[in-house]
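The values are calculated or read from the model by the stated rules, or taken from the named source; none is laboratory data. Just so we're clear, the structure is a prediction, and the values are computed from it rather than from any experiment. Reconstructed Cβ throughout: ideal geometry from the backbone, glycine too, with neighbour counts over all protein chains shown. With ligands, DNA and RNA removed, areas are computed over all heavy atoms of the protein, side chains included. Shrake-Rupley method; radii C 1.70, N 1.55, O 1.52, S 1.80 Å.
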Amino acid sequence: MSESRTKSAARNVIVGILSKFIIMFFAFVTKTLFIRILGVEYNGVNGLYGNILAVLALSELGVGNVLNYALYSALKNNNTEKVKSLVCYFRKIYYGIATAVTVIGLALVPFLKFIINSDLPHDELITYYILYLANSVASYFVVYKTTVISADQNNYISSICEIATTILMYAVQIVYLLIAKDFLGYLIIQVSCTILKNVLMNTIANRKYPYLKNIGKDEVSLSREEKIKIIDNIKSTFLYKIAAVILNNTDNILISIIVGTVFVGYYSNYYLIISYITTFISIFITGITASLGNLNSEKNTESSYNMFNVLELIFAFIGTVAVCCLINCLQPFIAIWIGNEQVMDFSWVVVITLNLFLTTIMNPIWMFRETMGLFKQVRYLLLITAGLNVVFSIALGKLFGVSGILAATFIAKLVSQYWYEPIILFREFGKPVKQFYFNQIKQLLVMILASCISVLICYIFGNNIFYILIRAIISSLIAVIMVWLFNCKSKAMSYIIDRYVSPILAKIIMKMKRSK
């Protein structure tokens, strides 16, 4: 990437990491109080409703990805008229989505009794669901404007706004839980802060891009051909996204139906820790996606391919470190955090971390496919994956409980999208895909080897907070060393060292010399 793209990506990632770290701290404190004050049953309802609304919202039907892709070129060329036209057109689409989510969400109310396997009063459960629905719908009313901020490589602005409103939300929720010990008020605070964030983001977008203030009055309409292309991409992305949401957000629903809602609460504790890791990974992804879109808009296939290889190696490092740390630290941490009675079978950790690793090392494929506008080619693929996941989850869930349901997700991915999506991307690169498969298998074996070595070494340490920290440090070092050893001769590793590692080390050495 060019220097300006690198700086934009670095700024977005750094601000994103700092903001998420602070947010996660407050979220962790709030979650701890939530579990201790309201109990695992409410925790299960909280996790279940989050998944139901994620399925219902369908991740904006993938419209955000299409809008981002459509904006890259217009923003790069400072074509404000085109930006206004795109934003106006997408506003109509988002308003339609908000209406559809509201109507379908309300229509689901009579069926909640078949999904929720809980002893809590049914009237209360319906009220909680309505508030979750309101929180979901509220997010659609300004996203058509705020997407311009991220597409323009300024996602750090969104991060700053998010940190302010989210910290406020958690602070008020913490005080409320301590005083009132009530779930209803907890949810009302959540909805109120979502609305506040939307108002702030709308104000910021209007100030940074003044031409967005009067959208709908004087912009030139998109041509019929442009609208057809956008709708075509949305249709393709919709099929992919609806399947992705079903694939990634039905675990809690199936756990509730097959095993029991209380087990959703147990799983939510594990998922919270995993979500922290995936949050940091998503910050990195979000921070560089606009820069990748800018790079890929130049249509230089060789440059894009070289950057893909670099990101592939970076995500191998991230995935291996995450797995090694979780394998050695997750169970003792859960025990210290909320008690031994909340610690589940170790098989949960195995399937959760394996799923995390496979998802992590495949991120470059999805990032490049979307920023290169390859929507049509995969429109049916994930529907097959989602269908397989439901079938496998029901079968394995009845045999192995929660572990079977969680294992079904990565099994369904392995037999469908994990082998097919790379073919689509590498056709665009004009490169043979077999090298990618070979490399992915190598990284998987390296992860397994690093995990085994770290488990053997960490076995000698105890389970208190100090030893958990030692376990994490040792696991991280082993993971980094193993990935480096098996990739040290690659061009991607040389690029990472020359472009990022060496300059950082040089600055550190320079500062040390000056301090002397």
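Annotations
- Neighbours by Cβ (under 7 Å, 6+ apart or cross-chain): first from the range 461-483, of a type in the set (Lys, Arg) and at pLDDT 90 or above; second crowded, with 17+ Cβ neighbours inside 10 Å and in a loop (DSSP other than H, G, I, E, B): none
- As for the range 339-348, it holds no residue that is assigned to a helix (DSSP H, G or I), within 23 Å of the chain's Cα centre (by Cα) and either farther than 26 Å from ASN249 by Cα or β-branched (Val, Ile, Thr) (or both).
- If you go through the range 408-427 and keep only what is among the aliphatic types (A, V, I, L, M), surrounded by fewer than 22 Cβ atoms within 10 Å (Cβ to Cβ) and under 25 Å from SER347 (Cα atoms), you end up with ILE411, LEU414, VAL415.
Residue-by-condition table, conditions (1) without any contact (Cβ under 8 Å) to a residue 24 or more places away in the chain; (2) surrounded by fewer than 19 Cβ atoms within 10 Å (Cβ to Cβ):
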residue	(1), (2)
ALA164	no, yes
ILE174	no, yes
LEU178	no, yes
SER192	yes, yes
ARG207	yes, yes
LEU212	no, no
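- PHE368, sole failed condition from (1) more than 20 Å from VAL433 (Cα to Cα); (2) open to solvent by less than 50 Å² (accessible area, probe 1.4 Å); (3) outside any loop (DSSP other than H, G, I, E, B); (4) hydrophobic (A, V, I, L, M, F, W, C): (1)
- In the range 438-460, of all residues being within 24 Å of the chain's Cα centre (by Cα) and free of Cβ contacts under 8 Å to residues at least 24 places away in the same chain, the one that is farthest from GLU302 (Cα to Cα) corresponds to ILE448.
- Failed item in (1) surrounded by fewer than 18 Cβ atoms within 10 Å (Cβ to Cβ); (2) modelled with pLDDT of 80 or more; (3) within 28 Å of SER150 (Cβ to Cβ), with VAL103 passing the rest: (3)
- Only one of LYS235, LYS241 that is open to solvent by 10 Å² or more (accessible area, probe 1.4 Å) and at pLDDT below 70: LYS241
- Hits in the range 117-141 - residues which are open to solvent by less than 20 Å² (accessible area, probe 1.4 Å) and not in a helix (DSSP H, G or I): TYR140
- Residue within the range 502-516 that is among the basic types (Lys, Arg), open to solvent by 70 Å² or more (accessible area, probe 1.4 Å) and assigned to a loop (DSSP other than H, G, I, E, B) present: yes
- Just one of the listed residues (LEU71, LEU108, LEU112) is open to solvent by less than 40 Å² (accessible area, probe 1.4 Å) and either out of contact with any helix residue (DSSP H, G or I) (no Cβ under 8 Å at 6 or more places or on another chain) or under 26 Å from ILE258 (Cβ atoms) (or both), namely LEU112.
- The residues of the range 149-162 that are open to solvent by 30 Å² or more (accessible area, probe 1.4 Å), modelled with pLDDT of 75 or more and within 17 Å of the chain's Cα centre (by Cα) amount to a single one, GLU162.
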